[in-house]
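Below is one structure, written out as structure tokens; comments come after it.
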Amino acid sequence: MKTISQIIVREWKRIFSIPNFYVVLLIIPPILFLFYGFIYQKQFARELPIAVWDEDASAVSRTLTDMLEQDPNIHIAQTVFSNAEIEKMMKEGAIFGAVHFPKNMESDVKKNHQTNITLYTNGAYLVPAKMIYKGAAQVIIKGGLAVVLQKAEKQGMPSSQANTLVQPIKLNTTTLYNPDFNYQLYLTPGLITVGLQMALIVASVLILNLEFKQHTIDDLLKISKSSSQVVLGKTLAHLCIAWVLFVLVAYVIFPVYDLGKPSTDFNFFIIYTLMALGCIGIGMMLSALSNNLLLVTDIALFFTSPAFVFSGFTFPRWAMPWYDRFYADIMPYTHFLDGFIKLYFMELPLKYSLTEIYKLLIFTCVTFPVAIFLFQKKINRYLKSKTH
């Protein structure tokens, strides 16, 4: 324990004195985390600009237009008179969608003829398109039902009977865990945690090979020539820094953006610690594999950069090709995220994420023994070369 303690203290001194470490672990992450929160400070996608093309100019079309304007997702910013104008404004970014009320819409409704209202959305912007569709569809369906209801009541049908006739089956929807579709609540924790994985792995790939690069390996070997002791000591030192980042995220960044969930802190800490160990293990394994700092750093960046995309946070993994799912499975963040959603967003007990915990433990059980084996071979070769 004395030897390991010396290695831990020595590694802490290196972390706080070598720019490769303190910039990646202690300077860049807080700045990035604050910026991630600022991006989604508005929290909701509201008042998305759309255009109205009203060829009917009737009481019904004006009523529907007023109802659209009252929807929080929609803001009627333009009035247009052709399909070409809609396309032009979408290309210019002036609008995200448009609604077309056709000629004779009101008269067709009164004659019990079906009429077609056209909703235009810009599929190049998926989220605004879905929000506009959601808001406009609700308004148009509600407006259509109101017209039918009004006709039935005018014909002498009681209001309760008319309601049942117009809408015999009523759908009630309940959205759990993020009912307001708060983008800050949804995206900021995901971006912050994927940033943590990247910082931990990029820093960890330098832990062992930097000793040879900076010619400090002799000082390290004076403390211990055992790779297991060296790897354990350095791992504990970097795990402590990972815990500092956890405190920063859980007790500073999250509360600043009103994302804190104190009841989840312990479970979050457990699954985060396992992810941190998996990241440090991967980094150490790469660090023990090669002394080429540029090569291992490039590998680490290539490995971690697409983590957010492949993790299933924005697109379900089951819909990805098998090779993409395989790539996702070899990243600690993927399994951390599955557990994080259960423990943080859904606030479930720890037992619900046992599968993810076991998968994260596999990273630790595989990467650290490989790192110890490879680094011991390096130590032996180095010591042998010094005797000749």
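Every number in this text was worked out from the coordinates using simple rules, so none of it is lab data. None of the values given here were measured: they were computed from a predicted structure. Neighbour counts are summed over all protein chains in view; Cβ atoms, including those assigned to glycine, are modelled from backbone coordinates with ideal geometry.
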Is there a quick way to get the dipole size of the stretch 71-121? I mean about its Cα centre, with the Cβ of Lys and Arg at +1 and of Asp and Glu at -1; what is the value in debye to the nearest 20? 160
So how much slack lies between Arg62 and Lys103, counting 0.36 nm per residue of separation and subtracting their Cα-Cα distance, in nm? 13.4 nm
Let's see if you can work this out: charge +1 on each Lys and Arg Cβ, -1 on each Asp and Glu Cβ, no other charges. What is the dipole magnitude of the chain about its Cα centre, in debye to the nearest 20? 1660
Residue (of Thr334, Leu248, Ile207) at the positive-pole extreme of the chain, dipole from beta-carbon charges: Ile207
Using a 7 Å offset from Cα along Cα-Cβ at Val127, what residues in the stretch 61-90 end up with backbone N under 19 Å from the label point? 72-75
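Return the subset of Lys110/Lys130; Lys2/Lys359; Lys2/Lys351; Lys234/Lys386; Lys142/Lys342 for which the Cα-Cα distance in this structure is over 26 Å, preserving the input order. List each step's numbers first, then the result.
Values: Lys110/Lys130 31 Å; Lys2/Lys359 32 Å; Lys2/Lys351 36 Å; Lys234/Lys386 24 Å; Lys142/Lys342 35 Å.
Lys110/Lys130; Lys2/Lys359; Lys2/Lys351; Lys142/Lys342, as the Cα separations exceed 26 Å there.
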List every DSSP H helix in the chain whose Cα atoms extend 18 Å or more along the helix's own long axis and whose mean Kyte-Doolittle hydropathy is at least 0.5. 126-154, 183-204, 227-248, 265-289, 354-387
Longest site-free stretch - the chain; sites: trypsin sites (Lys or Arg not before Pro), DSSP loop, at most 15 other Cβ within 10 Å: 226-388
Other residues with Cβ under 14 Å from the Cβ of Ile7 give, with Lys and Arg +1 and Asp and Glu -1, a net charge of +4
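Express in nm, to one decimal, how much length is gained between Lys225 and His113 on full extension, taking 0.36 nm for each residue of separation and deducting their alpha carbon distance. List each step's numbers first, then the result.
Working: separation 112, 0.36 × 112 = 40.32 nm, distance 8.77 nm.
Contour length minus Cα-Cα distance gives 31.6 nm.
How much FRET efficiency would the formula 1/(1 + (r/R0)^6) give for Arg381 and Phe181, where r is the Cβ-Cβ distance and R0 is 51 Å, rounded to 0.05? Numbers along the way, then the final one.
Details: r = 57 Å, r/R0 = 1.12.
It comes to 0.35.
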As a check on your grasp of the helix formula, calculate [θ] at 222 nm for the chain: sum -39500 (n - 2.57) over DSSP H runs of n ≥ 4, divide by the residue count, round to the nearest 500. -20000 deg cm²/dmol
If you take the charge dipole of the chain about its Cα centre, with +1 on Lys and Arg Cβ and -1 on Asp and Glu Cβ, which of Phe315, Thr364, Thr387 is farthest toward its positive end? Thr387
Kirkwood radius from Cα pairs of the chain plugged into Stokes-Einstein at 37 °C, 0.692 mPa s, gives D in µm²/s equal to 131
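Which value, in debye to the nearest 20, describes the size of the charge dipole of the stretch 43-152 about its Cα centre when Lys and Arg Cβ atoms bear +1, Asp and Glu Cβ atoms bear -1, and nothing else is charged?
On the way: 11 positive and 12 negative charges, 68 e Å.
Dipole size: approximately 320 debye.
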Between the stretch 283-356 and the stretch 214-242, what is the C-alpha centre distance in whole Å? 26
Using a 10 Å cut-off around each Cβ, can you sort Ser385, Ser353, Ser61, Ser226 from fewest to most neighbouring Cβ atoms? Ser385, Ser226, Ser61, Ser353
Counting other beta carbons within 10 Å of each Cβ, put Asp265, Asp338 in order, fewest first. Asp265, Asp338
Would you mind putting 191-203, 271-283 in packing order, based on average other-beta-carbon counts within 10 Å, highest first? 271-283, 191-203
Farthest toward positive dipole pole in the stretch 1-150 [+1 Lys/Arg, -1 Asp/Glu at C-beta], among Tyr133, Leu26, His113: Leu26
